[in-house]
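Q: Here you go, one structure.
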Amino acid sequence: MIKYGVDLVYSGHAHVYERLAPMANGVSDPKELDNPSAPWYITNGAAGHYDGLDTLDEHHDYSRFDLDVKDHAYGWSRVTFHNCTHMTHEYIASRNGSVLDTATLIKDRKCSFGSGGNGTAGNGTAGNGTTTPTGPSAVPTV
């Protein structure tokens, strides 16, 4: 993952939600989410299972958020790409839409998606050949 510059690893087989620190060889990246050199790991299999959510058997020093097993909040992930340098992940409770966890990954890179006429805005945000608004009110959500 490090060799190919992977920024984020999502997995979901376990019926839990857990967000880890960026890690390499079992060691947390000291930069955390501010331009880490290691991938960020998120497990979200908490959308539901017929016999409920699994419990986490262990809590590790590199765990940054794990779903409170007493709450058993089923949920889903919302990922927002603000531009080519900032991405926010949120864990949303299915029961009421509340945000239970949020974190933003920042990568120091140059945005070079083009200059406009080919479906990009040239500023690292999605575009349609016209001027693309930027800022919190114009953030696309995936």
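The values are calculated or read from the model by the stated rules, or taken from the named source; none is laboratory data. Keep in mind it's a predicted model, so treat the numbers as computed, not measured. Here the Cβ positions follow ideal geometry from the backbone for every residue, glycine too, while neighbour counts run over all protein chains shown. Ligands, DNA and RNA are excluded from the accessible area calculation, which covers all protein heavy atoms including side chains. Shrake-Rupley method; radii C 1.70, N 1.55, O 1.52, S 1.80 Å.
Q: With the crude spin-label approximation of a point 7 Å out along Cα→Cβ, what separation in nm comes out for Met1 versus Phe81?
A: Going from the Met1 label point to the Phe81 one covers 1.9 nm.
Q: While we're looking at this one, here's another question. Which order do Ser112, Ser98 take when ranked by solvent-accessible area (1.4 Å probe, heavy atoms of all protein chains), largest first?
A: Ranked from most to least accessible, the order is Ser112, Ser98.
Q: Tell me, what HN-Hα J-couplings in whole Hz come from the Karplus equation 6.51 cos²θ - 1.76 cosθ + 1.60 at θ = phi - 60° for each residue of the stretch 92-97, using x for Gly and Pro?
A: 10, 6, 5, 5, 8, x
Q: Now, a different point. Want the number for Val99 to Val9: 0.36 nm per residue separation, take away the alpha-carbon distance, what's left?
A: 30.3 nm
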